[in-house]
1. Please check: in the Gaussian network model of the chain (C-alpha springs, under 10 Å), which one of ASP111, ASP35, ASP119 has the largest mean-square fluctuation.
2. Tell me the trypsin sites (Lys or Arg not before Pro) within the stretch 70-159 that lie in a loop according to DSSP and have at most 16 other beta-carbon atoms within 10 Å.
3. Quick one: what do you get for the chain if you divide its Cα Rg by 2.2 N^0.38 Å?
4. Among THR203, THR147, PHE135, which residue has its Cα furthest toward the positive end of the charge dipole of the stretch 97-205, with +1 on Lys/Arg Cβ and -1 on Asp/Glu Cβ?
5. Helix-only mean residue ellipticity at 222 nm, the chain, DSSP H runs n ≥ 4 weighted -39,500 (n - 2.57), per residue, nearest 500. What is it?
6. Considering only protein heavy atoms and a 1.4 Å probe, what is the carbon-and-sulfur percentage of the accessible area of the stretch 35-93?
7. For the stretch 102-259, what % of the accessible area comes from carbon and sulfur atoms, probe 1.4 Å?
8. Given a 1.4 Å probe, how much area per residue of the chain is accessible, in Å²?
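The values are calculated or read from the model by the stated rules, or taken from the named source; none is laboratory data. Everything numeric here is computed off the predicted structure, so don't read it as measured data. Ideal geometry is used to build each Cβ from the backbone, glycine not excepted, and the neighbour counts take in all protein chains shown. The protein model used for the area step is the full one, side chains on, heavy atoms only, and it has no ligands, DNA or RNA in it. Shrake-Rupley method; radii C 1.70, N 1.55, O 1.52, S 1.80 Å.
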Amino acid sequence: MYRRLAVFFALLSVMSASALAADDSFVGKWKFNPDKSQLTGLDYKIEDTGGGQYKFIFGDDAETLTLDGKGHVTKYGDTWSIKTTGPSSWESTNELDGKVTNKSKWTISADNQTFTSTDETTRPDGTTAKSEATFKRTGGTSGLVGTWESTSVKVLSPTSIALAKWQGDGYTRTNPAFKETLDFKLDGKEYTPKGPRVPKGMTVTAKKAGDHSMELTYKLKGKTTETDKLELAADNKTLTQTITYAGVSKPEVDVYDRE
């Protein structure tokens, strides 16, 4: 847009361009702090679609599975299966390239009002991550079918990310545990993240959102899946990432501390 400015606004143009250059204050290593983060209050819906099939819905994201352990290829390219293990318990498994990436054990309380999930994820670097989540029923009467709101999320194995400069006015963001890398600039152009678990067709665009904030939009095959706003605290010691998932009204807020 600067090319359309008159010559006498050239200096203003240069100053504006400089404001988009990589900000040193973002650069560094950041560790996720689950205690400071807001991971609850998100709604999940499960529908019985008939014929032994169930639709699992989170915002604009929906996948339909049976509960007999048969694999279903999701839009992200991995295989998801669920099998019944008891009257009120199930086991969920995700696989990619024939290897298990995540296992979850689901249980519903005797009064059918509480849903708990214990998860174990095998990361690409070989480490194991564990988490626990509790949901309360806000719709439906019994079993899995209904609407569930997250009330407690415990991340027992938090990871770290790193931000470094890239090509002068850009950034490289890495997540060592998942071997993921994203090179990007705040220019609205599409960039492709790299890593063994990055879905095919995933792209990211980024733009400046304030003096010490940026906004990243993730798309899968052209359709927005989430928008992340990253904001630095005034003391540059805390990085807050507000995630808005497509079709979800309440955001998730992830807080990182500088290491």
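1. In this elastic network of the chain, the residue with the biggest mean-square fluctuation among ASP111, ASP35, ASP119 is ASP111.
2. Numbers: sites: LYS70, LYS75, LYS83, LYS99, LYS103, LYS105, LYS130, LYS136, ARG137, LYS154; in loops: LYS70, LYS75.
Those satisfying the criteria are LYS70, LYS75.
3. Values: Rg = 20.9 Å, N = 259, 2.2 N^0.38 = 18.2 Å.
Output field value: 1.15.
4. After comparing all options, I get THR203.
5. -1000 deg cm²/dmol
6. The C+S portion of the solvent-accessible surface of the stretch 35-93 is 45 percent.
7. For the stretch 102-259, the apolar C and S fraction of the accessible surface comes to 49 percent.
8. Heavy-atom accessible area per residue stands at 54 Å².
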